Amino acid sequence: MLKNFILLVLVLTINLLSYTFFGPNKLEHSVNIIVKPGMRLNEITNVLHSESIISSKLAFKTWVKINRLERDLKYGEFMFKREDSIYEITKKLNKGDYAYRKLTIVEGTYKYDLLSKLKMIDPETQLTLEDIPDEIIANTYKYQVTDKADRILQNIKKFSNDLSFNIWEKRQKSIPLNNISEMYILASIVEKETALKREKPVIAGVFYNRLKSKMRLQSDPTVEFSITLGKKKLDRKLYRKDLKFISEFNTYVNHGLPPSIICFPGIDSLIAVSKPYKSDYKYFVSKNLRGEHFFSTNYKEHLENIRAAKNAK
C-alpha cells in the first residue's frame, strides 16, 4: 500500500512540476519535427528541445518514464502548436497524431508528372512509368514523411479504385460504355475539353451522341496527346495538318475511344461521364477565354457558332 501511495504521489508531483518546468512553450508558430525510426528517448528529447517545443529535457524525460510511455512513442512527422502542454505533446507522440503531407495530382496532368512527384518524395524509388495505372483520379492525397513511393501509389490506387467503382455503379445504365476503363478514357477527354464543372456533363453528352451516330469524336486534346504522348505540353496551337496525325489516340482519324487515357481526370469529369446531360447536341466550340462553349445540334449551326466565337475573340 505504502509503495503504491508513494508512486501515486510521485506521479502527481511530476505531473504538477511538468507544467511548471514545461509550461507554455516558447514557439512563435507551429513547428513540425520528424521522429525517425529507431530514435531513442534521448534523441527525441534533443529534437524537441532544439526546436523550443519543450523547455526542460529532464522534465520531459521524467514525465515519459513515470507515465511509462517510452516504448509507445511513434515515429513519423508531428506538428506542435504554440503553448502545447506536455500532456498534448506526449499524447501526439504516443497516439501517432501525425502531420500529413499532401501530394496533388492536378486535373489534366499525366503519368510523367505523377512519377516525377513520387521521385521527388522518394528519390530511391524503383517505380517506372509502367507501374502507374491509367485508372487514377486527379485529387489531393495525404501521406506521411516516412512513406515510400510504393506505399503512396498504393493508397492513391485504392482511393481511385474505390471511388470510381462507386461512380460506375451509380451511372446512367444507358451510357454506351462497357467498363470502368472506358469511363476513365472518356472522362480524360472531357477533362481536357473544359475546366467548367457545369459544362462537363454537356460535353460528355455530346460525345455520347457522336458515338451513337457513328461519328468520330474529333477531340483536339486527343490530337495534342498523339503528338506529345503526355511528356510535355504542346507549345503551339494545333495546325490543320495536325488533325491528320497518324496515331491510335487521334480521334479525328479513328472512330470510337482512344486505347487509354490522355490525362488523369478529376472526380467531376468521371461523374459527368457517368451521368451525362441528355441533349441533341453534336458539336461545340470555345466561345471565350473563360472556357465557355457554344453548343449546336447540326453542322450548319456549328459553323455559325465558330464565326460567332471568332468575332467574340
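Compute from the Cα atoms of region 102-161 the Rg and the Dmax, the latter being the longest Cα-Cα distance, and quote both in angstrom.
Reported Rg and Dmax, both Å: 10.3, 28.
What's the local net charge at V106, with K and R +1, D and E -1, over the other residues with C-beta under 11 Å away?
Around V106, the surrounding residues sum to -2.
Pick from D97, D235, D113: which residue has the top mean-square fluctuation in a GNM of the chain where Cα pairs under 10 Å get a spring?
Ranking D97, D235, D113 by mean-square fluctuation puts D235 first.
Specify whether the C-alpha gyration tensor of region 212-269 places it in the rounded, prolate or oblate class, a ≥ b ≥ c being the square roots of the eigenvalues: rounded for a/c under 1.5, otherwise prolate if a/b is larger than b/c and oblate if not.
Oblate is the answer for region 212-269, as a/c is 1.5 or above yet b/c matches or exceeds a/b.
Report the semi-axes of the equivalent ellipsoid for region 238-313 in whole Å, largest first, where each axis is √(5λ) for an eigenvalue λ of the Cα gyration tensor.
Equivalent ellipsoid semi-axes, largest first: 23, 19, 14 Å.
On each of the three principal axes of the Cα atoms of region 173-312, give max minus min coordinate, whole Å, ordered largest first.
Largest to smallest, the principal-axis extents are 41, 33, 28 Å.
With just the Cα atoms of region 173-217, tell me how far they stretch along each of the three principal axes, in Å, largest first.
25, 22, 19
Net charge within 14 Å of F225 by Cβ-Cβ distance, Lys/Arg positive one each and Asp/Glu negative one each, not counting F225 itself?
Summing Lys/Arg as +1 and Asp/Glu as -1 gives -3.
How big is the shadow of the Cα convex hull of the chain, averaged over all directions, in nm²?
22.8 nm²
For N288 and L234, calculate 0.36 nm times their separation in residues minus their Cα-Cα distance, and state this gained length in nm to one decimal.
That pair, N288 and L234, stretches by 17.4 nm at full extension.
Please give the contour-minus-distance gain from R82 to K310: 0.36 nm per residue of separation, less the Cα-Cα distance, rounded to one decimal in nm.
Stretched out fully, the R82 to K310 stretch lengthens by 76.4 nm.
So which of K173/K231; K148/K275; K233/K310 end up more than 31 Å apart by C-alpha?
K173/K231; K148/K275
May I ask you to list the lysines whose Cα is less than 23 Å away from that of K232, ignoring any residue fewer than eight positions away on the same chain?
The reachable lysines, counting only those whose Cα sits under 23 Å from K232, are K111, K117, K119, K192, K241, K244.
Taking R0 as 45 Å, what FRET efficiency do you get between L58 and M120 from their Cβ-Cβ distance, rounded to the nearest 0.05?
With a Förster radius of 45 Å, E is 0.65.
If Lys and Arg each add +1 and Asp and Glu each add -1, what is the summed charge of the other residues whose beta carbon sits under 14 Å from the beta carbon of M79?
+3
Measuring from label point to label point, each 7 Å out along Cα→Cβ, what is the V47 to I34 span in nm?
Reported label-point gap for V47 and I34 is 0.9 nm.
Each reported figure results from applying straightforward, stated rules to the coordinates on display, with no laboratory input. Predicted, not measured: the structure shown is a model, and the values here were computed from it. Please note: Cβ atoms are built from the backbone with ideal geometry, for glycine as well, and neighbour counts cover all protein chains shown.
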